[in-house]
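Down below is the structure, laid out as structure tokens.
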Amino acid sequence: MSANMQQDDTPLLLAAGQGDRAAFGRLVERYHRAVIHFLQRFLTSQDADEAEDLAQDVFLAAWKAAPTFEPRAKVLTWLLRIATNAALNYRRDRQKRRAVSLDGTAPPTSDIESPVGRALSHETRETVTAALAALPPTQRAALILRHYHQLPYAEIAAVLETSISAVESLLFRARQSLQKSLACHKSESPPQVSPGPRVQP
Amino acid sequence: MQCATAHKLLSLRIDGELDDRRAPDLAAHLRDCPSCQAFARELERCAAALDAVSVSEPSADFGARVMASLPPQQSTSERWTLVRGLLRPLPMAAAVVALALGITLASLMNGNTTTTPTAEAFESDVYAESFSALPEDSSGARYIALVTDGGN
Ligand SMILES: [Zn+2]
């Protein structure tokens, strides 16, 4: 077992694989935000309320699969791989799920935004969200894993079960598409840091 | 360097994944190519625009809901429910399970009325193999292509 790949949370997942519910509870506590936010962004805003239901399925699958976890994988990568598979499958039987979850109450939504996000108009936010939603699912997953979760290419490749060069290509094509989608909204773009000289006080 | 190559390298650079070997070539191309300079600015602009996609705070009781939904880990019935679920899409898993059933029955007929550690360990291995066979059986590309085709 290579020492450099050994993560702090690996023992927790190994313990969960032996039936340790408390250990799994700590993993849920540590990783549920990342999993839910990944799913919210992947499903796009109109499906964001369903992200928690899907995230619950992801953690249930993780609990069941914990005995098969191989310590050379990182816990976050392993969870996001389950989440990605769930998200890709979810699109396929979305209609069925909607019919099932009619009684579900929507969770309270309090937007979390970066300062850049706050500076953008509501219309721009919808434009960007729509552009992200329009990407082919694997390109979207790759871009979300890279941009919001800052996963290295090798880990994105592990999540998507593909090669690093395929990840490079997915990201490049995602950015190209995004650029085309947003090209007509240049006037709404956030104020960029000017490359010009700045006067120091 | 061609502009198409420069565009790909710019995508790597924005992620900090451009290696030192190729960075000088890209920098040299950018100095002489206004078109690629504009492309680089657009990449930065789109990356910044992605920050506009908002997410909401998870429900406070999410963890409690997950924990309440968990079945007991590694109970025999749970394992077999899962294995049975895998039978349908995976003929390979069916073969593995049939083999496991055969060996488990054989060990029972040998006089083991209670589950022996050996049988337990083997059953656990079968479970592990069946589960891990799921992603390995379909390569990422094929799996994704299948799902993409089915979804659109
Ligand atoms: Zn150029």
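A few points about this structure:
- Formal net charge of residues neighbouring A:Ala15 (Cβ-Cβ distance under 11 Å; K, R +1; D, E -1): 0
- Taking a point 7 Å from the Cα of B:Ala68 along the Cα-to-Cβ direction, the residues of segment A:7-33 with backbone N closer than 17 Å to it are A:25, A:29.
- Take each residue of peptide B:5-17, count the partner chain Cβ atoms within 10 Å of its Cβ, and average: the result is 4.
- Modelled spin labels at B:Asp25 and A:Thr44, positioned 7 Å past Cα toward Cβ, are 3.7 nm from each other.
- With a cut-off of 14 Å between beta carbons, the residues surrounding A:Glu155 carry a summed charge of 0, where Lys and Arg count +1 and Asp and Glu -1.
- P(r) of segment B:3-52 over all Cα-Cα pairs, binned every 5 Å from zero, in whole percent: 5, 21, 34, 23, 12, 5, 1
- Peptides B:16-26, A:11-21 ordered by packing proxy, namely the average of other Cβ atoms within 10 Å per residue, highest first: A:11-21, B:16-26.
- Here the simple spin-label model places points 7 Å from the Cα toward Cβ, and for A:Glu70 and A:Glu126 these points are separated by 4.7 nm.
- In this simple spin-label approximation, B:Thr5 and A:Arg33 carry label points 7 Å from Cα along the Cα→Cβ vector, and these lie 4.3 nm apart.
- The mean number of partner chain beta-carbon atoms within 10 angstrom of a residue's beta-carbon across peptide A:163-174 is 3.
- For B:Val55, residues with placed amide H under 5 Å, excluding near neighbours: A:Ile112
- A:Arg175 sits among other residues whose Cβ lies under 12 Å from its own Cβ, and their net charge, with Lys and Arg +1 and Asp and Glu -1, is +3.
- Shielding by other protein chains, A:125-132, mean Cβ within 10 Å: 4
No value in this document is a laboratory result; all are computed from the given coordinates. Keep in mind that what you see is a predicted model, and the values were worked out from it rather than measured. Neighbour counts run over all protein chains shown; Cβ positions are idealised from the backbone, glycine included.
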